[in-house]
1. Of the conditions (1) on the phi > 0 side of the Ramachandran plot; (2) crowded, with 16+ Cβ neighbours inside 10 Å, Ser49 fails just one. Which one is it?
2. Which of the numbered conditions does Leu134 fail, given that it passes all the others? Conditions: (1) under 18 Å from Ile65 (Cβ atoms); (2) surrounded by fewer than 16 Cβ atoms within 10 Å (Cβ to Cβ); (3) in contact (Cβ under 8 Å) with a residue 24 or more places away in the chain.
3. Name the pairs whose Cβ atoms lie under 7 Å apart, with the first residue in segment 190-207 and within 12 Å of Ile137 (Cα to Cα), the second in a helix (DSSP H, G or I) and modelled with pLDDT of 85 or more, and 6 or more positions between them or separate chains?
4. Looking for something part of a helix (DSSP H, G or I), more than 21 Å from the chain's Cα centre (by Cα) and either within 21 Å of Met58 (Cα to Cα) or hydrophobic (A, V, I, L, M, F, W, C) (or both) - is there at least one such residue anywhere in segment 118-125?
5. Kindly indicate whether any position in segment 42-54 is under 21 Å from Ile173 (Cα atoms) and not in a helix (DSSP H, G or I).
6. Inspect segment 122-130 for any residue being surrounded by fewer than 14 Cβ atoms within 10 Å (Cβ to Cβ) and among the charged types (D, E, K, R) and give the result as yes or no.
7. Mind telling me which of the residues Leu144, Leu172 ends up being closer than 17 Å to Gly74 by Cα and part of a helix (DSSP H, G or I)?
8. Would you pick out the residues in segment 64-80 that are touching a Gly at 6+ places or on another chain (Cβ under 6 Å) and either surrounded by fewer than 16 Cβ atoms within 10 Å (Cβ to Cβ) or over 18 Å from Ile174 (Cα atoms) (or both)?
Amino acid sequence: MIDKICEFILKRMKKEMPDITKEKEEVITYGLQLILGEIPKMLLLFGISFLLGFGWYMVFAYIAIMPYRTVSGGFHLHTHLGCIIGSSVFYYGIIIISKFLILDNLQKYILIGLSFIFGILMISMYAPADTENLPIISKKERKLKKILSYIILTITLGIAMFLKDDILSNILIIGTIIQSLFISRIAYKITNNKYGHEIYKDEQVQN
């Protein structure tokens, strides 16, 4: 359904702008799929979470983790259904773990410290983690997103350290740990993804 809608929109755009290249078509189609794919995902995430009584935790988790996800990147599942299921497991998993995780102050600070070290290592090795469909080629853009990843990771865990609400604090900590894991090469191999900039470099060498 989503693919058909994207195809219809692309055809309309090509009528208005016939000079669109094949490469641009692929980028536009991928962007449309991401945007339209967000609608059922958002309905599922927020609709069900409010029915289950923790909707505001879902809103907080979505907004709080989004900046780090946006700049650090991460893999994409290959189907719309897979993406919806994956996002649901990601956010619901974070909230469920956060609600049942009980830490004293010392344990909390130790976990934040370990999360920070792990995040720094993952960012230094993999961020920004792009995809085949949306590679990040520009050195300037890659450097900027890597720097922003460091900054946002630090701010997020800094806020978690001083939050008095244990569940909200846990959401920030668990969310950054999982997101840092999602940009790793292991996560990419498990989900059958490849880093877009690496594929681009290989193609350039072959040409």
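The values are calculated or read from the model by the stated rules, or taken from the named source; none is laboratory data. These numbers come from a predicted model, not from an experiment. Cβ: placed from backbone, ideal geometry, glycine included. Neighbour counts: every protein chain shown.
1. Result: Ser49 fails condition (1) only.
2. Going through the list (1) under 18 Å from Ile65 (Cβ atoms); (2) surrounded by fewer than 16 Cβ atoms within 10 Å (Cβ to Cβ); (3) in contact (Cβ under 8 Å) with a residue 24 or more places away in the chain, Leu134 breaks only (1).
3. Short answer, once both residue conditions are applied: Tyr195/Tyr188.
4. no
5. yes
6. Scanning segment 122-130, I find no residue that is surrounded by fewer than 14 Cβ atoms within 10 Å (Cβ to Cβ) and among the charged types (D, E, K, R), so the answer is no.
7. Only one candidate passes the filter, namely Leu144.
8. The answer is Leu77, His80.
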